[in-house]
Amino acid sequence: MTTLKTAAALALAALALSPAAASAQEVVLRVHHFLTADSPLEVGILQPWEKAIEEQSGGRIDIQRYPSMQLGGKPPQLFDQARDGIVDVAWTLLSYTPGRFPIAEVFELPFMGGTSTQTTMALQEFQAKHLGKELEQVHPLLIHAPAAYKIHTKTKPVAGLADLAGMKIRAPSRQMTEALNALGATAVGMPVPEVAQALTTGVIDGAVIPWEVFGSLRIESVAKDHTEMGVENGGMSTSVFALVMNKAKYDSLPDDLKKVIDDNSGANLAPLAGKALDDAEAAERQKAIDAGGTIHVIPEADVAAWKEKTRPVFDAWVKAATDAGHDGQTILNDARAALVAAGAK
């Protein structure tokens, strides 16, 4: 009897080690980011992405999402967490590590953005041509952008350029820091999860952020004046988001599971991401109005003065890129052309 049990145990062990059994095991991908579980990123992008991958892999890939930095660390560390294998996949803003992704920063220059869909589609073409070196330490799944950011203030409206003078405004990136300072404001850098508290305590007077994060950050109860540029829902800057995967983790996948990941990455995922953030943008804008907020639209004719004030920011970026060995003007021209091709003004 003992011999039979031993033989059965050995047979089960051999089966467990067989290639067929190994291929049926789940691959777990832990996804880490800094936004909340009810954010448009989670609900509109990561949840549908997870469902598609799990279904198309026949359940062999298990996506586990960890919002709000549940796995530890700070938002600026997310890219390195994916690079180093601390997590399998991370979503972050490249601008959280200023100067580290200087070519991607061209899309963070003032007035270099449109809707989320437009800027995200422009980034697909631009990434293929210019961002290979900057992203080589990870396996990029998606490079995308929100709709162009607006100015949201607590106690004083920004109805014209002169109103910015002396105001402490949260900047989302190094380029917007330079732009806000050029426009007469005092730029204050901080990760977006800190904005609501900073507004409440008076650390800042306002913030440059997209509408779509309002609900998840509960900012509509603090900031009551909102400034758009040129046209309704027009903005003055954007940021580059990155969903990136640990390279060794991706390389370890069998070819059929790599294909599942590839089929749900890059240009295939970009339209979903753009639509999700644009839909959220419109919804959160309306919620702010319903909460008693006032929207100020800078007349299109007046925006030229804002652009003229920020011209040195472009000149400085082109010079820095050229000094670093790149063709700064060509990169800027390519980014502008990609935006125009995607329908942005």
Item checked: Where Y66 falls short, out of the listed (1) open to solvent by less than 10 Å² (accessible area, probe 1.4 Å); (2) more than 27 Å from V318 (Cβ to Cβ); (3) among the aromatic types (F, W, Y) -> (1)
Check: Can you pull out the residues in segment 164-220 that are open to solvent by 40 Å² or more (accessible area, probe 1.4 Å), hydrophobic (A, V, I, L, M, F, W, C) and at pLDDT below 95?
Finding: none
Check: Just a yes or no: is a residue in segment 261-268 among the hydroxyl-bearing types (S, T, Y) and either within 14 Å of the chain's Cα centre (by Cα) or open to solvent by 10 Å² or more (accessible area, probe 1.4 Å) (or both)?
Finding: yes
Margin query: Can you find, within segment 33-43, the residue that is farthest from L93 (Cα to Cα) among those that are open to solvent by 10 Å² or more (accessible area, probe 1.4 Å) and not in a loop (DSSP other than H, G, I, E, B)?
Written below: V43
Notebook entry, point to check: Any idea which residue in segment 64-116 is farthest from V244 (Cα to Cα), counting only those that are in a strand (DSSP E or B) and in contact (Cβ under 8 Å) with a residue 60 or more places away in the chain?
Noted result: L93
Next item on the list: Would you check which residues across segment 44-63 are surrounded by 15 or more Cβ atoms within 10 Å (Cβ to Cβ) and in a helix (DSSP H, G or I) and list them?
Entry: G44, I45, L46, Q47, P48, W49, E50, A52, I53, E54, Q56
Next item on the list: With respect to L180, determine if the residue is touching a strand residue (DSSP E or B) at 6+ places or on another chain (Cβ under 9 Å), of a type outside the set (G, A, S), in a loop (DSSP other than H, G, I, E, B) and under 24 Å from F107 (Cα atoms).
Entry: no
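Quick test for you: out of A301, A282, A267, pick the one residue that is assigned to a helix (DSSP H, G or I) and farther than 21 Å from T120 by Cβ. Before the answer, list the steps.
On the way: A282 fails: farther than 21 Å from T120 by Cβ; A267 fails: farther than 21 Å from T120 by Cβ.
Going through A301, A282, A267 in turn, just one is assigned to a helix (DSSP H, G or I) and farther than 21 Å from T120 by Cβ: A301.
The values are calculated or read from the model by the stated rules, or taken from the named source; none is laboratory data. Computed from a prediction, not measured in an experiment: that's the story for all the values here. Please note: Cβ atoms are built from the backbone with ideal geometry, for glycine as well, and neighbour counts cover all protein chains shown. Just the protein is used for accessible areas: all its heavy atoms, side chains included, with ligands, DNA and RNA removed. Shrake-Rupley method; radii C 1.70, N 1.55, O 1.52, S 1.80 Å.
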